[in-house]
Every structure is written in structure tokens, then in C-alpha cells.
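To keep things clear, I will list the structure first and then write my remarks on it.
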Amino acid sequence: MEVINTIRFTMPSLSVNESAARAVVSSFLIQADPTVEELSDIRTAVSEAVTNAVVHAYRGTTGNIELTVKLLRGREIYIKIRDKGCGIPDVEQAMTPLFTTAPEEERSGLGFSVMQSFMDKLSVKSSKGKGTTVIMRKRLAVHGD
């Protein structure tokens, strides 16, 4: 994985920071000249990952969410979103469409499905009581000058 450029951003797990995460990713990725559709897809996936951390990782408290974005050789984008919250007891179950741990909050349970649909690769690692790391990758199309 040859890194051309990288950025790291740490934010408190507040709902208002979901838009900040999208803005940071958008601003950073402009250098790669993504299409509007690619940028929209990436922003949506990032928003879902950050929302998951805000809603589920630090229930009733606030902690940090770390966002790392890398531009890799070959027009590939690497995004890591990490929290040190409660963790996910069963990642496979959590990635099942429509599964939610917060039905009383009218959560749809589609966050991971949305991320998977917009990115080429999605990896979720979690340890109970230690937090969750979501890694997403997407290769941008090559387009003419």
C-alpha cells in the first residue's frame, strides 16, 4: 500500500460532527479529482460509519472518533474510522441488514449495508469494551482530462 497523502482527524462523538467528518473527507479527496457520484458515495459511507460510532459506541457518554483518510497509488482511497467505545459483541450479526441494537430509537439497521454498497471493501473489527474500527476502501475511476 503506497501512500501518496494522508490526513487524520479526531472529533468528539457528537452528532454535529457527522457533517464535519463529511467535509474533511470531501476537502481532502478533491486532490484525487473524484466524480461527483464517487464523492457522494464516499461521503455517505463515512457519514454512516461516524453515525454508528456516535449512536452506539459511547452510549450516554462522549468519546473520541478518529478518522484517517489515505490516498493510495492507483487512485485508491483508504478510510479508517475508529472509536474506543463499548465495542460490538457480534460483528457478523451487526452487519446483517435491518439488525439494530436500538429499535426504540427507530434505527433502520442499514448502516453497514449502506457502507458496503458504496465502497469496494469494508472491514469491521471490534472488541467488547475496547472499541470498533471500520476500514473502507474504494478505487476511483480513471477519467479523461
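The values are calculated or read from the model by the stated rules, or taken from the named source; none is laboratory data. Here the structure is a predicted model, which is why all the values come from computation and not from measurement. Cβ atoms come from the backbone with ideal geometry, glycine included; neighbour counts cover every protein chain shown. Ligands, DNA and RNA are excluded from the accessible area calculation, which covers all protein heavy atoms including side chains. Shrake-Rupley method; radii C 1.70, N 1.55, O 1.52, S 1.80 Å.
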Taking Cα atoms, the helix 17-29 axis meets the longest principal axis of the chain at an angle in degrees (rounded to 10) of 20 degrees
Top to bottom by accessible area (1.4 Å), largest first, where do Thr61, Thr132, Thr96 land? Thr61, Thr96, Thr132
Percent of alpha carbon pairs in the stretch 1-71 separated by more than 13 Å? 64 percent
Give me the aspartates and glutamates in straight-line cross-link reach of Lys138: C-alpha distance below 18 Å, same-chain residues under 8 apart excluded. Glu2, Asp33, Glu37, Glu38, Asp41, Glu48, Glu76, Asp120
Residue-averaged [θ]222 nm for the chain, counting only DSSP H segments that reach four residues, each worth -39500 (n - 2.57): -8500 deg cm²/dmol
Mind ranking 34-43, 4-13 by how tightly packed they are, going by the mean number of other C-beta atoms within 10 angstrom, highest first? 34-43, 4-13
Can you give me the angle between helix 36-52 and the longest principal axis of the chain, using Cα atoms only, in degrees from 0 to 90, rounded to the nearest 10? 20 degrees
What FRET efficiency would be calculated for the residue pair Thr62, Asp90, taking the C-beta separation as r and a Förster radius of 22 Å, to the nearest 0.05? 0.30
Cα extents of the chain along the principal axes, largest first, in whole Å, come to 50, 27, 27
For Asp120 and Val16, calculate 0.36 nm times their separation in residues minus their Cα-Cα distance, and state this gained length in nm to one decimal. 34.7 nm
Of Ser117, Thr132, Ser47, which is farthest towards the positive pole of the chain's charge dipole, taken about the Cα centre with +1 and -1 on the beta-carbons of Lys, Arg and Asp, Glu respectively? Thr132
